[in-house]
Amino acid sequence: MTGDERWIHTPPRESATFDRATIAEIHRAAATGIYDIRGFGAKRKLPHFDDLLFLGASISRYPLEGYREKCGTNVVLGTRFAKKPIEIKIPITIAGMSFGSLSAPAKEALGRGASAVGTSTTTGDGGMTEEERAASSLLVYQYLPSRYGMEPDQIRRADAIEIVIGQGAKPGGGGMLLGQKISERVAAMRTLPAGIDQRSACRHPDWTGPDDLEIKILELREITGWEKPIYVKVGAARPYYDTALAVKSGADVIVLDGMQGGTAATQDVFIEHCGLPTLAAIRPAVKALTELDMHRKVQLIVSGGIRSGADVAKALALGADAVSIGTAALIALGDNHPRWEEEYRKLGTTAGCYDDWHEGRDPAGITTQDPELTKRLDPVAAGKRLANYLSVLTLECQTIARANGKSHVHNLEPEDLVALTVEAAAMAGVPLAGTNWIPGRGPQD
Amino acid sequence: MAAAREGARAAHDARNTDLDLASLSLRQANETLQKAEAGSFVVANPRGAHALAAGLTNPLDVTINGHVGYYCGGMNQKAHITINGNAGTGVAENMMSGRVHVKGDASQSAGATGCGGLLIIDGNASARLGISLRGLDIVVKGSIGHMAAFMAQAGTIVVLGDAGDALGDSIYEARLFVRGKVKSLGTDCIAKDMREEHRTLLRSLLDAAGIGPEIDVAEFTRYGSARKLYNFHIDNLGSY
Ligand SMILES: Cc1cc2nc3c(=O)[nH]c(=O)nc-3n(C[C@H](O)[C@H](O)[C@H](O)COP(=O)(O)O)c2cc1C
């Protein structure tokens with residue numbers, strides 16, 4: 001043996017173009033003839049908040065004292081037209097996630113967690129459940145294209161209204177809730193037979209375009225006596241124009257959801273290939289608000305891939321008034337927890353990778369309507385976990401804000417940030433670290 | 001319940017309150033209607049106002065003399081609203097109960113997502129009548145435009161005239177009765193047999209809309225869902 005035999009064949013080499021995931025997907029498509037549907041958000045690597053850093057204080061900027069000097073975190077939403085704006089104590093809200101995609105105890109837990117730290121939660125496709133209304137001190141009511149479960153009495157019981165135009169995971173796509181998850185209760189709330197696949201429309205049934213939207217907002221205000229803040233939620237597609245048009249239509253608050261945003265069930269090709277990354281969407285939206293003299297008057301809530309207090313602080317520094325979270329909130333409740341590893345294995349996955357939220361077999365009892373699985377989620381304990389997590393996000397965000405000398409998290413600004421990559425510098429409009437170069441901007445900008 | 005309501009209506013018939021939009025703002029007119037517990041109201045000079053008489057929750061009688069804009073009677077609960085004129089987009093959208101009667105023509109998305117009550121349109125209705133319908137009954141004495149009853153889930157639509165393209169596309173459990181011609185049926189919508197129960201239902205809706213026996217239920221064809229798209233199947237790919 002000369003030791004050369006092993007070189008007769010080259011060692012296995014994975015193709016960068018046809019990597020294992022790609023090959024597996026081709027096999028899956030060939031075997032089934034249908035596109036892959038899944039939950040969660042985009043899994044590919046995208047320019048994100050990780051590509052930004054805060055500078056912190058220095059000789060020319062002094063910090064605030066960690067525990068002694070105040071750093072405010074409250075946000076008032078709906079100051080433009082609503083007679084009753086809402087105030088959240090932390091700059092983090094819970095995004096709209098439907099009962100149907102989530103179990104009733106999961107919705108209740110979201111309400112409990114959010115209420116414990118003084119923030120709001122949001123309904124979703126399919127209407128409001130009693131559990132979530134009772135558990136949520138501030139509840140935003142989504143007004144969606146499908147109108148499943150939508151009732152005027154529910155609108156009147158809400159603290160704010162969110163007109164959903166789109167979601168970051170699928171800008172331009174409607175919803176889907178597959179038959180496995182349509183229990184009797186979900187079906188009855190949505191006026192549809194149990195067990196059928198529910199497609200939610202992608203366009204509103206009674207308006208199209210910004211001029212109609214203005215009239216729709218007028219109607220909702222007339223029906224609720226001009227009391228409630230009206231949000232408009234868009235997936236990040238053309239944030240500069242969408243923001244300007246939402247302002248023109250009379251929105252109080254704009255919710256901007258980047259492409260990393262989670263979903264309960266969407267085609268993988270849609271999740272991974274449509275929309276703008278959250279990082280790239282914020283500055284154009286803020287630019288539109290600033291040009292219209294509406295920054296901070298019409299509040300901007302940003303979502304899509306928010307995980308930590310650093311992400312929160314970075315979104316605020318780029319100009320958002322608040323952020324909202326979906327996926328991270330579900331994880332805090334117990335989604336993808338290693339304690340269910342044995343069951344994840346049986347489903348052909350592993351803790352940390354589970355994304356078949358559309359199938360209704362969630363071992364953690366969150367993305368399911370199965371009565372046995374649902375029982376596993378204790379809404380009180382899960383709500384406490386979410387409250388803990390929200391507190392950590394807030395403390396982390398405050399830590400960064402104080403280090404940058406800010407007495408309120410809203411005082412964070414782009415000047416506090418640098419970018420680690422040329423791409424992130426261009427998207428976030430902040431200089432590449434160690435330089436004064438912002439790609440795409442001339443000295444006049 | 002019904003008797004009590006009729007009683008309340010009768011008691012207030014004497015008080016015919018006039019609301020003139022030439023001098024009142026939309027907010028003032030709507031607020032008066034929204035706060036009233038009963039009574040009869042006549043709205044003058046609507047001049048195409050949007051969201052007029054939207055969000056009413058009590059058994060009022062409201063007569064609007066003139067044309068209205070978008071979403072007149074939107075989300076109505078219990079009120080009886082008569083429009084002596086034409087109605088813009090989304091008249092009686094998401095109505096929960098009560099009655100809206102358009103004496104003229106109606107624009108797009110009339111009765112969209114409606115959950116209950118009765119919508120009567122004496123003239124024609126434009127595109128997307130009864131889109132995403134959820135239980136409201138609609139009677140149109142004229143003809144209707146394209147994409148009526150798109151994704152309609154529940155409720156009944158009766159059309160005395162003709163229907164445009166793609167009637168009942170992706171329809172769920174709503175029932176459609178058309179007396180005239182249908183230009184084309186949408187995906188998964190088919191003609192169905194009229195059984196006794198359907199004739200009875202149709203007759204009761206015609207009666208409710210004040211249409212006499214001169215219109216015979218035998219002249220109508222029933223349409224509804226073939227229920228082939230209820231669960232995704234690869235063989236139906238071309239239909240999605
Ligand atoms: C399980 C689940 C259900 C959702 N349902 C809705 C919905 O009904 N309406 C909606 O506008 N967005 C829905 N979303 C999107 C969220 O509101 C939000 O935009 C997104 O989760 C934010 O991104 P993140 O998950 O990275 O935090 C859903 C998301 C998830 C994870």
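Note on B:Asn65/A:Trp437: beta-carbon distance plugged into 1/(1 + (r/R0)^6) with R0 of 60 Å gives a FRET efficiency of 0.35. Taken residue by residue and averaged, Cβ atoms of other chains lying within 10 Å of the Cβ of A:196-207 number 6.
For A:Glu65 and A:Thr421, the FRET efficiency from 1/(1 + (r/R0)^6), where r spans their Cβ atoms and R0 equals 30 Å, is about 0.35.
As an equivalent ellipsoid, the range B:106-240 spans semi-axes of 23, 16, 13 angstrom, where each value is the square root of five times an eigenvalue of the C-alpha gyration tensor, largest first. Mean partner shielding of peptide B:70-82, defined as the number of other chain Cβ atoms within 10 Å of each residue Cβ, is 3. In chain B, the longest principal axis of the Cα atoms and the axis of helix B:2-13 are about 40 degrees apart. Simple spin-label estimate for A:Thr350 and B:Arg27 gives 6.0 nm between the two label positions (7 Å along the Cα-to-Cβ direction from each Cα). Rounded to the nearest 20 debye, the dipole magnitude of the range A:39-428 is 500 debye, with +1 charges on Lys and Arg beta carbons, -1 on Asp and Glu beta carbons, and the Cα centre as origin. The smallest convex shape that holds all Cα atoms of the range A:37-172, its convex hull, gives 182 Å³ per residue.
Applying 0.36 nm per residue to the separation of A:Glu396 and A:Asp370 and subtracting their alpha-carbon distance, the gain on full extension is 5.7 nm. The dipole here belongs to the protein assembly as shown: it is taken about the Cα centre, uses +1 on the Cβ of Lys and Arg and -1 on the Cβ of Asp and Glu, and is about 620 debye. Panel order for A:Trp357, A:Trp437, by other beta carbons found within 10 Å of each beta carbon, from fewest to most: A:Trp437, A:Trp357.
Were the residues from A:Ala57 through A:Ala29 laid out at 0.36 nm apart, the gain over their Cα-Cα distance would be 4.8 nm. Calculate the tail of P(r) for the range A:335-442: the fraction of all Cα-Cα distances greater than 24 Å, expressed in %. That fraction is 54 percent.
Among B:Gly212, B:Gly104, B:Gly88, the largest mean-square fluctuation in a Gaussian network model of chain B, built with springs joining Cα atoms closer than 10 Å, belongs to B:Gly212. Placing +1 on each Lys and Arg Cβ and -1 on each Asp and Glu Cβ, with no other charges, gives the range B:2-239 a dipole about its Cα centre of roughly 200 debye. The mean number of partner chain beta-carbon atoms within 10 angstrom of a residue's beta-carbon across peptide A:209-219 is 4. Among B:Glu214, A:Glu87, B:Glu93, a tally of other beta-carbon atoms within 10 Å of each Cβ gives an order, fewest to most, of B:Glu214, A:Glu87, B:Glu93.
For the pair B:Arg227 and A:Asp378, a Förster radius of 41 Å applied to the C-beta separation gives a FRET efficiency near 0.55, rounded to the nearest 0.05. Taking label positions 7 Å along the Cα-Cβ direction at both A:Glu291 and B:Arg195, the computed distance is 6.1 nm, reported to one decimal.
Only one residue of A:Gly39, B:Ala218, A:Ile196 has its Cα farthest out toward the positive end of the dipole of the protein assembly as shown, where Lys and Arg carry +1 and Asp and Glu -1 on Cβ, and that residue is A:Gly39. In this simple spin-label model, placing a label point 7 Å from the Cα along the Cα-to-Cβ direction at both A:Glu184 and A:Asp4 gives a separation of 7.7 nm. Its Cα gyration tensor gives the protein assembly as shown an equivalent ellipsoid, and the semi-axes of that ellipsoid, as √(5λ) in whole Å with the largest first, are 47, 32, 22.
For chain A, what is the relative contact order in percent, using Cα pairs closer than 8 Å and at least 6 residues apart in sequence? 23 percent. Distance from the alpha carbon centroid of the range A:170-237 to that of the range A:338-397 works out to 26 angstrom. Only Cα pairs under 8 Å and 6+ residues apart enter the sum, and on that basis the relative contact order of the range A:9-157 stands at 14 percent. Computed over the range A:169-290, the alpha-carbon pair-distance distribution with 10 angstrom bins reads 12, 33, 34, 19, 2, each value a whole percent. Candidates B:Gln28, B:Ser132, B:Ala208 compared by Cα position along the dipole of the range B:2-239: farthest toward the positive end lies B:Ser132, with charges placed on Cβ.
Within the range B:24-93, report the trypsin sites (Lys or Arg not before Pro) that DSSP leaves as loop and that have at most 15 other Cβ atoms within 10 Å. Those satisfying the criteria are B:Arg47.
If the reach is capped at under 29 angstrom between alpha carbons, list the lysines near B:Lys228, excluding any in the same chain fewer than eight residues apart. Within the straight-line cut-off, B:Lys228 pairs with A:Lys170, A:Lys181, B:Lys181, B:Lys183, B:Lys192.
Using only alpha-carbon positions in the range A:121-194, the gyration tensor eigenvalues give semi-axes of 20, 17, 11 Å once each is multiplied by 5 and square-rooted (largest first). For the options A:Ala381, A:Ala332, A:Ala42, a Gaussian network treatment of chain A with springs between C-alpha atoms closer than 10 Å singles out A:Ala381 as fluctuating the most.
Only Cα sites of the range B:2-239 enter the Debye sum here, all with the same form factor; the resulting log10 I(q)/I(0) across q = 0.10, 0.12, 0.15 1/Å is -0.46, -0.64, -0.93, listed in q order. Placing one equal scatterer on every Cα of the range B:65-179 and applying the Debye formula, the log10 ratio I(q)/I(0) at q = 0.14 Å⁻¹ is -0.42.
When A:Cys397, B:Cys115, A:Cys353 are arranged by Cβ crowding within 10 Å, least crowded first, meaning fewest neighbours, the order is A:Cys353, B:Cys115, A:Cys397. When the range A:1-121 is described by a simple charge dipole with +1 on each Lys and Arg Cβ and -1 on each Asp and Glu Cβ, the residue from A:Pro11, A:Ser103, A:Ala82 located farthest towards its positive end is A:Ala82. In loop segments of the range A:16-53 as defined by DSSP, the chymotrypsin sites (Phe, Trp or Tyr not before Pro) with at most 14 further C-beta atoms inside 10 Å of their C-beta are A:Phe18, A:Tyr35. Every pair of different Cα atoms in the range A:39-428 enters the Kirkwood calculation, which places the hydrodynamic radius at 20.8 Å. Between the Cα long axis of helix B:26-35 and the first principal axis of chain B there is an angle of about 90°, rounded to the nearest 10.
No lab work stands behind these numbers, since they all come straight from the coordinates. All figures in this text were calculated on a predicted structure; none of them were measured in a lab. Don't worry about glycine lacking a Cβ; one is built from the backbone with ideal geometry, like all the others, and counts go over all protein chains shown.
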